[in-house]
Amino acid sequence: MEERKWWKESVIYQIYPRSFADSNGDGIGDLNGITEHLPYLEKLGVDVLWLSPVYRSPNDDNGYDISDYRSIMTEFGSMEDFDRLLAEVHARGMKIVMDLVVNHTSDEHPWFIESRKSKDNPYRNYYIWKDPRDGHEPNNWRSCFSGSAWEYCEETGMYYLHLFSKKQPDLNWENPQVRREVYDLMTWWCEKGIDGFRMDVVNLFSKDQRFPDGITLPGEKYGDFSPYAVNGPRIHEFLQEMNREVLSKYDIMTVGEAGGVTTDEAKKYAAPDGSELNMVFHFEHTDGAAADQKVIGKWDHGKPRMPVIRRILNKWQLQLEGKAWGSLYWDNHDQPRAVSRFGNDTPNWRVLSAKMLATCLHMQKGTPYIYQGEELGMTNMPFSSLEDCRDIESINAYRQYVTEKKLISGEEMMECIRTIGRDNARTPMQWDSSENAGFTTGTPWIMVNPNYTEINAEAALADPDSVFYYYQKLIRLRHDHTIVVYGTFEPLLMESDSIYAYRRILDDHTLVVACNWTDQDQPCALFPEDDADSRTNPAKELISNYASHKAGILQPYEARAVLFHISKQSPDTWSCAGRDIRF
Ligand code: TEU
Ligand code: CA
């Protein structure tokens, strides 16, 4: 069994502070709102809270554009509020992980305000400035938020790079002074006693210094920067330096957001020697797994098929085994709601499929992440018009594909936004059935999902069969059963197009997990008939979303996790209480 670590045995809960709880009635979530709801999180049983950015920001990208790394965003409260939150979290035996956004800053950060003033300003090389090429942008790179990744500055007649919005200028990581500034601010937060960092777009810091043009799609003006900025030439050098300068000096956890990362690259980012990070988020099952990627980039809204998801997640389970630690998630602040995307959010199946998805993920190997509201089975939002949306990615995409290029109609784009837009995850947390779901006594910054009257924490806490208590039990199983954390992973029923099954193995136990991803009964022979005499029944069911089972069948969206005491008879035959079992 590999080396035990607290961040391997923890369950992480991601909070998007803007939408979690508003304590002062201004319609915007804040730090005191989080503090007020710590008892709820303690009851759920999570170990670590990952806060999306809470630093000073003009909120062009809701805090992922930082103007002062050592101050709290005005709307979220004061540094005293943060210190109180941190103390309260630690008093409850939980930890806080901050969101570190250092691929770029806000254009309102003092470094950039100085940098843009003149070519010989001391801060000029904190950012990436290039001369025009033939009177236009220095190359054809496309921003993640539509349009060019370059913005022209009159003051010096040059362009600066921004892989995201033009108010998010990329820092120049080639500059050792920039890296020193980053390590100093990280140390400042570690000295305050935080417990780790989620690192925003951690694999974009290093760019190919030739800045070559990217490949363009048919009819597209701008090209793809990823071959020249994703997993760039010096990224591991930079992260190993960060590790030596900061990370290695504290007992903290680190998870890198690494869109486009492969399993081979992940083995470097999350190498067991601890030379870089503890784990990374990959995006193969979210950004890349839609049925067919249409010409409008990410905005495909094909329903991902289970065999595609299974192939991806199993690949990561098997290829990281013993080589690197992994992360497990369905949801975050950039993704649509899991039960709507991967499950079935219609009234008959929402609860069952939410529990099924939770079982499928939480019994796998790696550190699981729960996104706020996922534990309630919160769903996507029926946005009716662009005016309902707040996310710069959606608003820019609408302008690009509908208004400017007329590639699709406004209603087709709204359907894309309703299906895969980031605002789906950013509607207010639904606390109770009072006005605005108890999120605020003011006007919420973004509309509340109208289904809050049925789907809310108060109702969940009053219902022993709620998704909340199911997540609470899954978390407890991870805390109580070493096999859930450290057992090896082995795929099962790989030919099934309806059941995602696997098993975990540790010493003389195996944990068999099977999840029906459909709304129909499906044959499944993995579990012994439930014979009445528990003394002979070799199996112990740890969790299921059904109170009773049908022999040889998994019922619609049924999930089961069953622990067997086993002895190995031959490579593929195990016995249980005298019965041979072939998996
Ligand atoms: O996201 C990185 C990123 O690429 C996002 O654009 C995301 O992958 C995409 O929207 C999914 O379709 C990080 C943060 O998580 C995101 O909130 C920020 O907008 C972005 O970086 C810039 O900081
Ligand atoms: Ca507030």
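Please treat every number below as a calculation from the coordinates, not as lab data. Small disclaimer: the values here were computed from a predicted structure and weren't measured. For neighbour counting, all protein chains shown are included, and Cβ atoms are generated from backbone atoms with ideal geometry for every residue, glycine included.
Here are the numbers for the structure shown:
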read-out	value
Protection proxy ranking of 406-414, 256-264 - average other beta-carbon atoms within 10 Å, highest first	256-264, 406-414
Formal net charge of residues neighbouring Asn203 (Cβ-Cβ distance under 12 Å; K, R +1; D, E -1)	-1
Residue (of Gln209, Val351, Trp445) at the positive-pole extreme of the chain, dipole from beta-carbon charges	Gln209
Contact order normalised by residue count of the chain, Cα under 8 Å, 6+ apart, percent	12
Charge tally in the Cβ shell below 9 Å around Asn424, where Lys, Arg are +1 and Asp, Glu are -1, Asn424 excluded	+4
Nonlocal amide H pairs with Leu171, under 5 Å, H built at 1.01 Å	His104, Thr105
For segment 234-282 and segment 539-569, distance of Cα centres in Å	37
The chain, Cα convex hull volume normalised per residue, Å³	151
Partner aspartates and glutamates for Lys117 [C-alpha distance under 17 Å; skip if fewer than 8 residues away on the same chain]	Asp107, Glu108, Asp131, Glu151, Glu154, Glu155, Asp170
Given charges at beta-carbon only (K, R positive; D, E negative), |dipole| of the chain in Debye	1220
Rg/Rh for segment 1-147, where both radii come from Cα atoms and Rh is the Kirkwood radius	1.09
Cut-off 13 Å between beta-carbons: net charge of the residues surrounding Trp173, Lys and Arg +1, Asp and Glu -1	-2
Order by protection proxy (mean Cβ within 10 Å, highest first), peptides 444-453, 59-68	59-68, 444-453
Alpha-carbon centroid distance for the pair segment 189-223 / segment 2-38, whole angstrom	25
Set Lys221/Lys268; Lys221/Lys267; Lys8/Lys540 screened for pairs whose C-alpha atoms are more than 28 Å apart	Lys221/Lys268; Lys221/Lys267
Rounded to whole Å, sorted largest first: equivalent-ellipsoid semi-axes of segment 311-354, Cα gyration tensor	27, 12, 8
Virtual spin-label span in nm between Lys117 and Glu36, 7 Å along Cα→Cβ	4.3
